[in-house]
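Please read the structure below before turning to the comments.
The values are calculated or read from the model by the stated rules, or taken from the named source; none is laboratory data. Small disclaimer: the values here were computed from a predicted structure and weren't measured. Positions of Cβ are backbone-derived with ideal geometry, glycine not excepted, and every protein chain shown enters the neighbour counts.
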Amino acid sequence: MKKKIFLFLFILSFQFNTSFGQVGLGIFGLAPDDAGNYSQPMATFLGTYFNSGAYYSADLPEAFQFKFSIIGMYTFVPDGQTTFTPNPEVSGYNSTGSTATFVGGNGSYQIGPGGFLAYPGGFNVSSVPSGIYQAAGSIYGTELMLRYFPTITFSDVKSGFWGIGLKHDFSQLLPSLPFNIALQILYNSFSLDYVGDDPTSYINIESKNFAVNVQGSKTFSEMFIIYGGLQYENSSMDLSYYFRDPNELYPSIANTVQDTSVDGDNVFRFTAGGAIQLMPVVFNLDFNITSMFTITGGISLQI
Amino acid sequence: MKKIYNYGFLILTTIVALSFQSCDILENYFLNLPLKQSIVSTGNGPKISEIETFCLSDYDAYSDNINEIDSVTYLAVLYRTLTAAENSNPPPDSVYLTPGLAGQNINVTVVDGDGNLVFSRNLPSAVAADYIDTPYEIELTTSEIILLNDYLAQYKVDSNLCFTATLTMDNISAGQGPPYTLTGQVELLLSLEFLAP
C-alpha cells in the first residue's frame with residue numbers, strides 16, 4: 001500500500017516539475033517587472049489550485065474522525081490571463097499594446113533606439129488538470145488538515161509543498177440553522193528550485209497561498225450531501241531568476257540574479273457541490289467560481 | 001473489501017497518470033530570439049566596408065535547447081547606427097562613430113552560411129546618425145523570406161547556422177575624417193518553436 005501511495009504522489013509531483021521548469025525559458029529574458037507580469041497567471045493558478053478541494057461537508061462529529069482524500073481538479077484559464085501590457089522601463093520603448101503571459105500565445109516585439117525588444121511567447125494553456133491529496137483528523141467539532149509532499153529532485157529541478165487547514169463546526173452554536181456551518185482557514189506553500197550546474201538557468205519560485213472560508217452543508221438520508229461556501233483567498237509568488245538580457249537593453253542588471261514578487265488574481269471564490277457517502281468512502285464533486293473556474297472531484301476514505 | 005480498495009486505487013492511479021500524460025496542457029512554446037551583430041566599418045574612404053559573421057550557436061537559448069526546438073523561422077530584421085562599438089583590435093576598447101558621417105549609400109548585405117544572398121539593401125538615408133535613435137526595419141520580400149526560412153529549417157541537419165553581414169558606406173562626402181568609422185548593428189529576429197514538454 002505504501003508503494004502505491006508513493007507511486008501516485010510521484011506522478012503528481014512529476015507533472016508539476018516538468019511544467020513549471022519550462023516557464024523559466026521565457027522568464028530568463030525578461031526584466032523583473034515584465035517577468036512578474038508574464039508569470040502572474042502562475043501565481044493565480046497556484047492560488048486556485050491550493051485553495052481548492054479543502055472540504056465536502058461542514059459537519060464535524062464530536063467523536064474522532066480521520067479522512068484521507070485524493071482530489072482531482074480541472075482549471076480553466078480565462079482569456080484575460082493570456083496577455084499583459086509590457087512595461088519595459090527603457091527610454092524609447094512603449095508601455096502599450098500587449099504580449100503573451102506564460103499561458104498566452106505568441107510574444108510581441110518592439111523596435112526602439114536600442115533595437116529589438118522581443119518578448120517570449122507562452123504555452124497556449126487553456127485548461128489545466130491537476131491533483132492533490134490531503135489527510136485530516138477531527139475531534140470535538142474541530143478538524144486539522146495536512147498536505148505534504150517531500151522536496152524531491154527531478155531533472156535539475158527540486159520542488160515540494162505543504163499545507164495546513166483548521167476548521168471548526170459552529171453548528172452547535174446555531175441550533176436553529178437547518179444545515180451545518182463551519183469556518184475554515186487554509187495555508188499552503190509550494191517551492192520550486194533549480195539545482196543544476198548551469199548558473200544561467202537558475203530559477204526559484206516560492207508560492208504562498210492563504211484562504212478563509214465559511215462553508216455550509218446538509219446531509220440527506222445519511223448519504224447525500226449538498227455543500228457550498230464563500231471563500232476569501234490570496235496568493236503571492238516570489239520569483240528569483242537569472243536575467244540573461246537577450247535584448248541587450250538592461251546592461252546594469254544583465255547576467256545577474258533578479259528578484260520580483262507577484263500577487264495572484266485570487267480574491268473571492270464561491271463553491272457549490274455535492275457528495276455521496278458510501279461509508280467509509282465518500283465521492284464528491286464541486287464547482288468553484290473564482291478567477292480561474294475550477295471543477296474538483298475527490299475520493300475520500302473517512303473513518 | 002480489500003480487493004475493491006486495491007482495484008479502486010489502481011484505477012484511480014491509472015486514470016490520473018493517463019490524463020496527465022494524454023492531456024497536453026502545454027502546447028508548443030515560441031521564443032523570440034534577437035541575433036544582434038555589431039559591425040565597425042573603418043577606413044580612409046571614399047568607401048568603407050566591413051564583414052562580420054554571427055551564428056545561432058552563439059546564443060544559449062538556441063544552443064542549450066536545440067533538442068527541444070521544433071522550428072526556426074524569420075520574424076524581422078533591422079539596421080541601426082551605434083554611437084560606439086567594441087573594437088575588435090584593441091586598444092582602445094571602443095571605437096566611435098565619426099561625427100557627421102555621410103555618403104552616397106549605406107548598404108547592408110546579409111548572406112547565409114551556404115553563401116546564398118539573404119538580402120541587400122541601400123538604406124533610405126546615407127547619413128549615419130539618422131539611424132541612431134530610429135533603427136531602420138528592413139522589409140524582406142516574400143521570396144527572400146521563403147529562402148531564409150528554408151535555410152533556417154536546416155538546423156535539424158546542421159545545428160550551427162551562420163550569417164555574414166556586410167556594412168558599407170559608399171562615396172563618403174561628410175564627416176570628421178579620414179579615417180572614417182561607421183559603427184552599426186544588424187539585428188535579425190527569429191522565432192524558435194519549442195516542443196511541448
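Points worth noting:
- Filter result for B:SER120 (surrounded by fewer than 20 Cβ atoms within 10 Å (Cβ to Cβ), of a type outside the set (Val, Ile, Thr) and more than 14 Å from chain A (Cβ to nearest Cβ)): yes
- Candidates in the stretch A:95-118 are the residues that are over 29 Å from A:THR294 (Cβ atoms) and either touching a Lys or Arg at 6+ places or on another chain (Cβ under 6 Å) or among the hydrophobic types (A, V, I, L, M, F, W, C) (or both); of these, the one that is surrounded by the fewest Cβ atoms within 10 Å (Cβ to Cβ) is A:ILE111.
- Index of the failed condition, A:GLY92 passing every other in (1) on the phi > 0 side of the Ramachandran plot; (2) in contact (Cβ under 8 Å) with a residue 24 or more places away in the chain; (3) surrounded by fewer than 20 Cβ atoms within 10 Å (Cβ to Cβ): (2)
- Screening the candidates B:PRO124, B:PRO99 for the property of being over 22 Å from A:GLN110 (Cα atoms) and part of a loop (DSSP other than H, G, I, E, B) yields one hit, B:PRO99.
- Cβ pairs under 7 Å, 6+ apart, first in the stretch A:98-114 and more than 7 Å from chain B (Cβ to nearest Cβ), second buried (at least 20 other Cβ atoms within 10 Å of the Cβ) and of a type in the set (A, V, I, L, M): A:PHE102/A:VAL23; A:PHE102/A:MET42; A:VAL103/A:VAL77; A:VAL103/A:VAL125; A:GLN110/A:LEU117; A:GLY114/A:LEU249
- Every residue from the stretch B:60-76 that is at pLDDT 95 or above and at the interface with another protein chain (Cβ under 9 Å from one of its Cβ atoms): B:LEU75, B:ALA76
- Any hit, the stretch A:11-25, residues being modelled with pLDDT of 90 or more and within 11 Å of chain B (Cβ to nearest Cβ): no
- Annotation note: Cβ proximity below 9 Å between a residue of the stretch B:156-180 that is among the basic types (Lys, Arg) and a residue that is not in a loop (DSSP other than H, G, I, E, B) (sequence gap 6+ or interchain) occurs for B:LYS156/B:ILE69.
- Residue in the stretch A:131-144 that is over 20 Å from the mean Cα position of the chain (by Cα), within 11 Å of another protein chain (Cβ to nearest Cβ) and not hydroxyl-bearing (Ser, Thr, Tyr) present: no
- Pair list, Cβ under 8 Å, 6 or more apart: the stretch A:242-260 residue within 10 Å of chain B (Cβ to nearest Cβ), other residue assigned to a loop (DSSP other than H, G, I, E, B) and polar (S, T, N, Q): A:ARG244/A:ASN255
- Hey, A:SER155 at pLDDT below 95, under 25 Å from the mean Cα position of the chain (by Cα) and either of a type in the set (Phe, Trp, Tyr) or surrounded by fewer than 14 Cβ atoms within 10 Å (Cβ to Cβ) (or both) or not: yes
- Test: residue in the stretch B:41-50 that is at pLDDT 95 or above and among the hydrophobic types (A, V, I, L, M, F, W, C): yes
- Against the numbered list (1) more than 18 Å from the chain's Cα centre (by Cα); (2) surrounded by fewer than 16 Cβ atoms within 10 Å (Cβ to Cβ), B:MET169 comes up short only at (2).
- Boolean, A:GLY121 is surrounded by fewer than 22 Cβ atoms within 10 Å (Cβ to Cβ) and either touching a residue at least 12 places away in the same chain (Cβ under 8 Å) or within 14 Å of another protein chain (Cβ to nearest Cβ) (or both): no
- Residue selected from the stretch B:146-166 under the condition closer than 28 Å to A:GLY26 by Cβ and crowded, with 17+ Cβ neighbours inside 10 Å, by the criterion nearest to the other protein chains (Cβ to nearest Cβ): B:ALA165
Residues checked against (1) surrounded by 20 or more Cβ atoms within 10 Å (Cβ to Cβ); (2) at pLDDT 95 or above; (3) closer than 30 Å to A:PHE28 by Cβ:
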site: A:LYS218; (1), (2), (3): no, yes, no
site: A:PHE224; (1), (2), (3): no, yes, no
site: A:MET237; (1), (2), (3): yes, yes, yes
site: A:PRO246; (1), (2), (3): yes, no, yes
site: A:VAL257; (1), (2), (3): no, yes, yes
site: A:GLY264; (1), (2), (3): yes, yes, yes
site: A:ARG269; (1), (2), (3): yes, yes, no
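- The stretch A:158-193: number of residues that are surrounded by fewer than 20 Cβ atoms within 10 Å (Cβ to Cβ) and in contact with an Asp or Glu (Cβ under 6 Å, 6 or more places away or on another chain): 2
- For the stretch B:39-53, residues that are surrounded by fewer than 20 Cβ atoms within 10 Å (Cβ to Cβ) and either within 21 Å of A:TYR109 (Cα to Cα) or β-branched (Val, Ile, Thr) (or both) total 3.
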